[in-house]
Amino acid sequence: MSAFENALKQLDNAAQTLGLDFGTVAKLKDPDRVYEFEVPLVMDNGSPRSFRGYRVQFNNSRGPYKGGIRLHPQVDLDEVKALAFWMAIKTAVVNIPMGGGKGGVSVNPKELSSAELERLSRAWVAYMAPHIGPHQDVPAPDVNTNPRIMDWMADEYKNITGDASGAAFTGKSLGRGGSEGRRTATGQGAFYVLGELMAALGMELAGKRVVIQGFGNAGHHFALLAQKAGYTIVGVSDSKGGIYHPDGLNIEAIMKTKEEQGSVVASDAGTSVSNRELLELACDILVPAALENQITKENAGNIQAKVVLEIANGPTTPEADAILWAKKIYVVPDVLANAGGVTVSYFEWDQNLKNEHWSEAEVFQKLETVMKNAFKAVWDTHKEHDVDLRTGAFMVAVRRIVEATKG
Ligand code: NAD
């Protein structure tokens, strides 16, 4: 199944428990608007090229469309639609006044020079400028987009429209209206949610063994926080492979190795494992923080963790969800676990519109409140209806979206 089909299947599960009628479900499955266009680029050597660009504005019942822009060769319309749909669910789960959207360009940014990347980013905005804006659609970073790219995009938008608020894009650098805490927000939010789940399950966190697939921005920030809090990180990986030590790994030392040598596999702190083996290691908490479709019906039966914390978007397929739930493994769904990123993006938008700059402590305090409230709503729904946490989260979100649609 494609990512979008998986996403719709998750919606069907919640819609069934909620007893929604066919028309309401059909409306929820249908994106408001899809933009698919060519992004022209003159390469440094003067040759013209062009890349496929996307923006899907899925649902704005609860506020302006909100969602990142992904630069990756595998970006296609199906993936952008799935990610845009999940954003609509995510903003509703955490109850921030935003809708859901997503964008991207099918390109390998690692093959572009800095100047080419800047022209590509500005060209994406030149096409989309009439359709986005602080009160319409607010793009953010995603895979391979960073504060520098968001700064270029915000600057292009200002040049075209004259809007100097900066509020049309989030994830900007601190000097250009970015928010304190945005860089670490996803890991921080996931950490708060895990703490709430451990308390709800009556599990002691000290010494609980954690395995993390994906040691990128979100994964490594989470690893640092978890280690500081007393969890034992026994396995980590990146695209080149993973390492494992049953007594725990020193995350700061591994970050240093990755910075200097490009991968966690260069570390001699543990035994080498493949990414496939890593997912099936003996541990208490498994954290997929890399890619979609990692836990499938092929390997779900071998997962030994008691909790799966989805920092990545879409790492577990619907078939795998059913297998894990039958084994009473708690999957904290992406739409809750990784919602810290969009929450602090919303804070950035809010600060830009009010012309304010909040301290990191203020940002994290507000984030903690949002994440804890979201967890409680999802947990209570899971308990009340005896459904897994993903279905619980979708039920919370869908109720809120449908309510807003009714006006
Ligand atoms: P990133 O590019 O910084 O890191 C991705 C990491 O995954 C890298 O370490 C990479 O080496 C690793 N990786 C790639 N392929 C892999 C594979 N086959 N097996 C194991 N590891 C692999 O990206 P990120 O921003 O950390 O995002 C990671 C995931 O989290 C994505 O699914 C993203 O959509 C999701 N997410 C991120 C944020 C955020 O704020 N960064 C917010 C919400 C969701």
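The values are calculated or read from the model by the stated rules, or taken from the named source; none is laboratory data. In this text the structure is predicted, and so the values were computed from the model without any measurement. With ideal geometry, Cβ positions are generated from the backbone for all residues, glycine too; neighbour counts draw on all protein chains shown. Just the protein is used for accessible areas: all its heavy atoms, side chains included, with ligands, DNA and RNA removed. Shrake-Rupley method; radii C 1.70, N 1.55, O 1.52, S 1.80 Å.
Data for the structure
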| quantity | calculated |
| --- | --- |
| Residue in the stretch 36-55 that is at pLDDT 95 or above, among the β-branched types (V, I, T) and closer than 25 Å to M1 by Cβ present | no |
| Subset of the stretch 334-368 [away from the ligand (no atom under 14 Å from the Cβ), among the small types (G, A, S) and either assigned to a helix (DSSP H, G or I) or closer than 29 Å to L389 by Cα (or both)] | A361 |
| The stretch 284-304, subset away from the ligand (no atom under 16 Å from the Cβ) and either small (G, A, S) or part of a loop (DSSP other than H, G, I, E, B) (or both), residue farthest from A226 (Cα to Cα) | K297 |
| Selection within the stretch 68-81 - surrounded by fewer than 24 Cβ atoms within 10 Å (Cβ to Cβ) and of a type in the set (A, V, I, L, M) | L77 |
| Residues satisfying the stated conditions in the stretch 369-403, i.e. assigned to a loop (DSSP other than H, G, I, E, B) and among the acidic types (D, E) | D386, D388 |
| Residue match in the stretch 317-326 (condition: buried (at least 24 other Cβ atoms within 10 Å of the Cβ), more than 22 Å from the chain's Cα centre (by Cα) and not aliphatic (A, V, I, L, M)) | no |
| Pair list, Cβ < 6 Å and 6+ apart or interchain, from the stretch 252-267 residues that are assigned by TED's automatic domain parsing to the domain that holds V211 and over 12 Å from L224 (Cβ atoms) to residues that are surrounded by 12 or more Cβ atoms within 10 Å (Cβ to Cβ) and among the acidic types (D, E) | S263/D238; V264/D238 |
| Selection status of A226, within 13 Å of the ligand (Cβ to nearest atom), closer than 30 Å to V342 by Cβ and open to solvent by less than 40 Å² (accessible area, probe 1.4 Å) | no |
| Every residue from the stretch 150-174 that is closer than 17 Å to V344 by Cβ and surrounded by fewer than 18 Cβ atoms within 10 Å (Cβ to Cβ) | S173, L174 |
| Residue match in the stretch 36-44 (condition: among the aromatic types (F, W, Y) and open to solvent by less than 40 Å² (accessible area, probe 1.4 Å)) | yes |
| Which numbered condition A290 misses (of (1) under 21 Å from G392 (Cα atoms); (2) open to solvent by 30 Å² or more (accessible area, probe 1.4 Å); (3) within 22 Å of the chain's Cα centre (by Cα)) | (1) |
| Residue ranges of strands (runs of 3 or more DSSP E) in the stretch 155-270 with at least 1 members more than 20 Å from V331 (Cβ to Cβ) | 232-238, 241-244 |
| The stretch 91-104, residues that are more than 15 Å from A140 (Cβ to Cβ) and outside any helix (DSSP H, G or I) | N95, P97 |
